[in-house]
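One structure below.
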Amino acid sequence: MKTNIWTQIFLVTEDLLNKISTSKYNPLYYHGALPQFIMYILFLSGLLLFAYYVPTIDNAYFSKNLVNAYTSVAYITNDIPFGAVIRAVHRYAGDAMVVAILIHMVRVWFTDRYRQYRWVQWESGIVLLLMVLFIGQTGYYLIWDERSLLLTRMTVSALEVVPVIGEPLRNWFLNGRTISNLTLSNFLFIHIGLSFSLLFALWIHYVRMSRPVITPPPALNYILMTIIFAVVYFFPITATKIADLNSQPTSMDIDVFFLLPYAVLGALGTTGFWISMILITAALCLIPYPFTNKKPVESAEVVDSKCTGCSFCFKDCPFQAIEMVPAPAGSRFKLLATVKPYRCSGCGVCVGACAFDAIDLPNLLDSDVNEKIKQLANSQSA
Ligand code: HEM
Ligand code: SF4
Ligand code: SF4
């Protein structure tokens, strides 16, 4: 068991939260479900903003209020009923999403759930994190105030130094060689397109988990929404200055949840920025590597003649390695369990789940499995 100072801090925090909220509502037990719920808030509030947002720098529509991106954001904030609230909910829910993801990461790291066959969840999680951070950054470009202009120019300076593909990258980012009306439609496309792509990335994240907890209890959702509304009330979004392509803003407020990479870019320059980003990402990706299984695993095997198709093993397998298929013609039963060897970790859970002795690990007798379970139970209680 881990016994260092960090372990003590984690255990004390968990214990304290259990005392405050009881274990039924302890947010640490819904660490994956909370970012998922916040994503729904972001989709809904984003949809409402999208209805009035105009992705241009100038004069695409000659309406009084909806002339460009900046004035459309001002219109949403000042003229649409509850527009300012919806905008602030969208922004602060984005911040809450980053906090929730970081808590989720720390929790799965602390409980060692990223090891062995869960490396897919860890690596897909890193992709999700990077996507969420970039979506948030593009959100800041969309407002098209002085900060958006500075962020856009800083991004261009970072992209242009990338060897070989620097120029095409810049042209893709700006939707042309320079900033134009088309640039903002590209930012909007990236912002919304990547947000929907999160759903696909989440599918990969969940594909090997049989029962991921993706819905927090309603009480926890209400508390979360109350916290977001309280932040919206006490910290309303303040007006900023429109971007002026003929001037160069030199400083900006940094949102620590999304814009820290720009602080790094400002402090270290483009080369230092890329080196530090690549090193941090590589270090995060390599965390599960020492714990991946390098020995081939003998997967579980079903004894077809004994299998009744009861599906207990299918429900209990933590890696979605069992599939229920129609039983062959002439069988007394309707279903038959089959094992997908490429997903099987050889954990033996299915052996314990089967009441009919119909599934086995070839090199492990039932008595060995029972011994393994006993040892595990003893080490947990020690
Ligand atoms: C949009 C962001 C994310 C969402 C919505 C999300 C959601 C979830 C959910 C719902 C689960 C199942 C939790 C359970 O059943 O207890 C899960 C598991 C997991 N996640 Fe994430 N996740 C996200 C990002 C990340 C990140 C950034 C990492 C780490 C780099 C990560 C690593 C993992 C791991 C290792 C598991 C397996 C834990 C287990 O087996 O209990 N996730 N995730
Ligand atoms: S041993 Fe059984 S429970 Fe474990 S992963 Fe393989 S099929 Fe699933
Ligand atoms: S638990 Fe046993 S009997 Fe039931 S489906 Fe699985 S292998 Fe067949």
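Within the group 30, 75, 53, which residue is aromatic (Phe, Trp, Tyr), under 21 Å from residue 141 (Cα atoms), modelled with pLDDT of 90 or more and open to solvent by less than 50 Å² (accessible area, probe 1.4 Å)?
53
For region 321-338, check the following and say yes or no: at least one residue is under 36 Å from the mean Cα position of the chain (by Cα), within 16 Å of ligand 1 (Cβ to nearest atom) and more than 13 Å from residue 358 (Cα to Cα). Yes, region 321-338 has at least one match.
Yes/no matrix, rows are residues, columns are (1) over 30 Å from residue 125 (Cβ atoms); (2) of a type in the set (Gly, Ala, Ser); (3) modelled with pLDDT of 90 or more:
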{"residue": "285", "(1), (2), (3)": "no, no, yes"}
{"residue": "296", "(1), (2), (3)": "no, no, no"}
{"residue": "309", "(1), (2), (3)": "yes, yes, yes"}
{"residue": "373", "(1), (2), (3)": "no, no, no"}
{"residue": "378", "(1), (2), (3)": "yes, no, no"}
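Residue 91 meets all of the listed conditions (1) among the basic types (Lys, Arg); (2) farther than 27 Å from residue 225 by Cβ; (3) open to solvent by 40 Å² or more (accessible area, probe 1.4 Å) but one, namely (2).
Residue-by-condition table, conditions (1) open to solvent by 70 Å² or more (accessible area, probe 1.4 Å); (2) in contact with a Pro (Cβ under 7 Å, 6 or more places away or on another chain); (3) at pLDDT below 95:
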position	(1), (2), (3)
200	yes, no, no
209	no, no, yes
221	no, no, no
226	yes, no, no
230	no, no, no
249	no, no, yes
255	no, no, yes
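Filtered by the rule that a residue be open to solvent by less than 50 Å² (accessible area, probe 1.4 Å) and at pLDDT below 95, region 100-110 gives 107, 108, 110. Within region 311-322, the set of residues being open to solvent by 80 Å² or more (accessible area, probe 1.4 Å) and either modelled with pLDDT of 95 or more or not basic (Lys, Arg) (or both) comprises 312, 314. Here residue 177 meets each of (1) within 11 Å of residue 128 (Cα to Cα); (2) without any contact (Cβ under 8 Å) to a residue 24 or more places away in the chain with one exception, condition (1). Out of 22, 7, one residue alone is open to solvent by 40 Å² or more (accessible area, probe 1.4 Å) and in a helix (DSSP H, G or I). It is 22.
The values are calculated or read from the model by the stated rules, or taken from the named source; none is laboratory data. What you see is a predicted model, and the numbers here were worked out from it, not measured in a lab. As a convention, Cβ positions derive from the backbone with ideal geometry for all residues, glycine included, and neighbour counts pool all protein chains shown. Surface accessibility is based on the protein's heavy atoms, side chains included, excluding ligands, DNA and RNA. Shrake-Rupley method; radii C 1.70, N 1.55, O 1.52, S 1.80 Å.
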